[in-house]
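Shown next, in structure tokens, is the structure this report addresses.
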């Protein structure tokens, strides 16, 4: 039994590392694009509610927390309505989005598209509800949240500015590409191997063509120290917990016989403004132990770290957003569950 558990843990450790590697390079590229396009979305008109819902949902549907943070910033500046911030939070999956892309990419993209549409619908409903309740959202302010103060040097001229951080990160990316090409890294599927090599190549480009400030503040301090290690620990823990449960007792039957309870737990845990606990449901879905309706409920209610800036500004607004999303997620999830999805 001990030997079996040791083998399971070793397998989960390797799988967790591979998933985390995919997550890391996707986070680097996503963060880079967010910084590079900073301010462009503010040129859009937010006068029409449908535009607000669509833009907020799109930002929320982008992997990671940056889109959610931008939505909060727009909300507290009075640029989008309460319904729009609800739309953005429903579409947001936080760091779990990266893990889902690594574990089941095509289904993940379908889920993001569904969340985008649901966000728009929920935004419309939320504004109608608060209008009936005569709720007054927080007033516009000059609060600046998660401001990206960085000058990216998008030029090969920065090759002349070889620093320790740049050299280390670029070398790691190149070594990982070589290890993938030589089959040292256990990436079996051809399309995953090609995808990983491409992502590593783009990451190497980012490391080479950006300045030291960006690499230290964004890549090292933000992505590595704040996100990547947590993703690995939670992914490894979720994988190990489920695999050991499957080998020790009939976890699959227990879950299948209590799907309504599992769905309710997914909704309640979604209230936690933290990326991590929700990875249990991502892993359960990846292993075929829960239906899509439960993963959707978890994704609707939870928003990773996206709610934290709004909590710091207005607890009342945050609680109302979470309450609306919980009701919306549970009602839709239960309906889909009973329909067999």
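Consider residue 215 against the criteria (1) closer than 25 Å to residue 14 by Cα; (2) crowded, with 16+ Cβ neighbours inside 10 Å: it satisfies all of them except one. Which criterion is unmet?
Every condition holds for residue 215 apart from (1).
With the structure loaded, tell me whether residue 62 is within 19 Å of the chain's Cα centre (by Cα), in the same structural domain as residue 269 (by TED's automatic domain parsing) and either at pLDDT 70 or above or closer than 25 Å to residue 286 by Cβ (or both) or whether it fails that test.
Yes, satisfied.
Considering 82, 58, which residue is surrounded by fewer than 20 Cβ atoms within 10 Å (Cβ to Cβ), touching a residue at least 40 places away in the same chain (Cβ under 8 Å) and within 25 Å of residue 331 (Cα to Cα)?
58
Looking at 172, 177, 254, which is the one that is at negative phi and buried (at least 16 other Cβ atoms within 10 Å of the Cβ)?
Exactly one residue qualifies, and that residue is 177.
Residue-wise test of (1) assigned by TED's automatic domain parsing to the domain that holds residue 318; (2) touching a residue at least 12 places away in the same chain (Cβ under 8 Å); (3) surrounded by fewer than 17 Cβ atoms within 10 Å (Cβ to Cβ); (4) not in a helix (DSSP H, G or I).
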site: 220; (1), (2), (3), (4): yes, yes, yes, no
site: 223; (1), (2), (3), (4): yes, yes, no, no
site: 231; (1), (2), (3), (4): yes, yes, no, no
site: 244; (1), (2), (3), (4): yes, yes, yes, no
site: 262; (1), (2), (3), (4): yes, yes, no, no
site: 272; (1), (2), (3), (4): yes, yes, yes, yes
site: 289; (1), (2), (3), (4): yes, yes, no, yes
site: 294; (1), (2), (3), (4): yes, yes, no, no
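Which residues, counting only those in region 98-116, are in contact (Cβ under 8 Å) with a residue 60 or more places away in the chain and under 16 Å from residue 58 (Cβ atoms)?
Listed by number, the residues that qualify are 111, 114, 115.
Step by step: first the residues of region 308-341, then only those that are out of contact with any helix residue (DSSP H, G or I) (no Cβ under 6 Å at 6 or more places or on another chain) and outside any helix (DSSP H, G or I), then the one that is surrounded by the most Cβ atoms within 10 Å (Cβ to Cβ). Which residue is that?
314
The conditions are (1) under 15 Å from residue 60 (Cβ atoms); (2) part of a helix (DSSP H, G or I), and residue 283 fails exactly one of them. Which is it?
Residue 283 satisfies all of (1) under 15 Å from residue 60 (Cβ atoms); (2) part of a helix (DSSP H, G or I) except (1).
Go through the residues of region 272-286 one by one and say whether even a single one is more than 20 Å from residue 15 (Cα to Cα) and modelled with pLDDT of 85 or more.
Within region 272-286 (the criterion being more than 20 Å from residue 15 (Cα to Cα) and modelled with pLDDT of 85 or more), the answer is no, since none of the residues qualifies.
The values are calculated or read from the model by the stated rules, or taken from the named source; none is laboratory data. Remember, it's a predicted structure, so these values are computed and weren't measured experimentally. Reconstructed Cβ throughout: ideal geometry from the backbone, glycine too, with neighbour counts over all protein chains shown.
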